[in-house]
Amino acid sequence: MVHMIFFIIISFSILCINKKHSFWIYSFVGLFLFCALRYNYGPDYMNYFEIFYLIKEGLPAWGQSDWLFKQLVLLMPNFYILVAILSLFYVISIYILISANLQVKDYWFALLMLLINPYLFLVHQSSIRQTISICIIILAIKYAINRNILKYVLLIILASGFHASAIIMLPVYLVLTDKKLKIRDILIAVGVIFALLFTPMFNMIINRALEYMPSHYYIYYDMGLQNSLRSTLISSVFFFFVLFNINKLDGHEIVYGKLSLISTIISLLAIKASMITRIGMYFDIFLIITIPHIFNNIEKKLHRILVFILLMTIYLLRYYSFYSLPICSKAFGTYRTILGL
């Protein structure tokens, strides 16, 4: 059922039915209904359900240290209304990101990137606190592009009130310019990646960073979980795809390209510690903008087709692999709604 819903959502945004009427609106309506009506969907749904009522009762609960999340919970009359409001905020944020940066003809592509990558949309439905932060960061990037550092900083601080890890986005402002990468920049980036992968530098940086993060992040790191070599090789395809094409972008497209490049770099580094992908979530969402931008700059139609087939093959294999995992299949395989309560 979930796969059929995704197919219908994407179908409403394809160009051939949007030439005279704006049927793409129904894609976002569908996204909202999917998010707002879900019940016990995702591995953390019931955990957040319990957290909500523990906070309401004034009892210790996971995430209550994120003070804005706690205040939001205290304002809500029940958990289902909280989910509905946050779903609306999520869909509006995605709509703003897509509509402000892509033409209508590319909406289907962005939605395809969002839905076919299970580590975006599906995971967003589970990680409620961090998803709120991601939505705020989407809005903050607009001010980074306009070089309004005050509003950018204020929004990042606001985002960190829902999930402390969002504070990592503060120094990112320095690289969010529309300047193209020079050969020197590319060589330095590749050199740093190799150093992080093949020297103790990565562990040294992570240990120092963890001193400023909540204690449970060190527990995650100490577990020693790492991405597989296969996953890292797949991530390298996206890294080189973005790296070799980023200078074909112009203006604000380059800003999103840099965010996407950071996303792919973090995916590579996850072979050292998979917990870093939680930081990568703040950057991954911008791939739904960058990939269509890059495709629009590939001049030869045959090249576009071949690259599209390659990327879709990778995404479909990831999609299949995701649902093949027992824990993911159980958590996301069956869609339930609050209407059945």
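The values are calculated or read from the model by the stated rules, or taken from the named source; none is laboratory data. Small disclaimer: the values here were computed from a predicted structure and weren't measured. Reconstructed Cβ throughout: ideal geometry from the backbone, glycine too, with neighbour counts over all protein chains shown. Protein only, heavy atoms only, side chains kept; ligands, DNA and RNA dropped before computing areas. Shrake-Rupley method; radii C 1.70, N 1.55, O 1.52, S 1.80 Å.
Please work out which residue is farthest from residue 42 (Cα to Cα), limiting yourself to the range 291-329 and to residues that are out of contact with any Pro (no Cβ under 8 Å at 6 or more places or on another chain) and of a type in the set (Lys, Arg). Across the range 291-329, the extreme among qualifying residues is 300. Taken over the range 13-58, the criterion of being open to solvent by 70 Å² or more (accessible area, probe 1.4 Å) and aromatic (Phe, Trp, Tyr) is satisfied by 23, 26, 53. Take the residues in the range 25-44 that are aromatic (Phe, Trp, Tyr) and assigned to a loop (DSSP other than H, G, I, E, B); name whichever of them is farthest from the chain's Cα centre (by Cα). Filtering first and then ranking leaves 39. Number of residues in the range 225-243 that are open to solvent by 20 Å² or more (accessible area, probe 1.4 Å) and either at pLDDT 90 or above or in contact with a helix residue (DSSP H, G or I) (Cβ under 9 Å, 6 or more places away or on another chain) (or both): the value is 9. Taking (1) touching a strand residue (DSSP E or B) at 6+ places or on another chain (Cβ under 7 Å); (2) farther than 29 Å from residue 323 by Cβ in turn, residue 76 satisfies each apart from (1). Checked across the range 149-159, the condition of being under 20 Å from residue 268 (Cα atoms), under 24 Å from the mean Cα position of the chain (by Cα) and either hydroxyl-bearing (Ser, Thr, Tyr) or open to solvent by 40 Å² or more (accessible area, probe 1.4 Å) (or both) holds for no residue.
Of all residues in the range 303-341, those satisfying the criterion of being basic (Lys, Arg) and in a helix (DSSP H, G or I) are 304, 318, 330. Only residues that are free of Cβ contacts under 8 Å to residues at least 12 places away in the same chain and assigned to a helix (DSSP H, G or I) were counted across the range 284-302, and they come to 2. The set of residues in the range 256-309 being under 17 Å from residue 127 (Cβ atoms) and basic (Lys, Arg) consists of 278 alone. Take the residues of the range 251-308 that are open to solvent by less than 30 Å² (accessible area, probe 1.4 Å) and of a type in the set (S, T, N, Q): which is farthest from residue 172 (Cα to Cα)? Looking at the filtered set, the residue picked out is 274. Counting only helices (runs of 4 or more DSSP H) that sit wholly inside the range 59-137, those with at least 3 residues that are open to solvent by 10 Å² or more (accessible area, probe 1.4 Å), closer than 14 Å to residue 36 by Cα and not small (Gly, Ala, Ser) are 79-99.
Could you please give the count of residues in the range 161-206 that are exposed (fewer than 13 other Cβ atoms within 10 Å of the Cβ) and part of a loop (DSSP other than H, G, I, E, B)? Within the range 161-206, residues that are exposed (fewer than 13 other Cβ atoms within 10 Å of the Cβ) and part of a loop (DSSP other than H, G, I, E, B) number 4.
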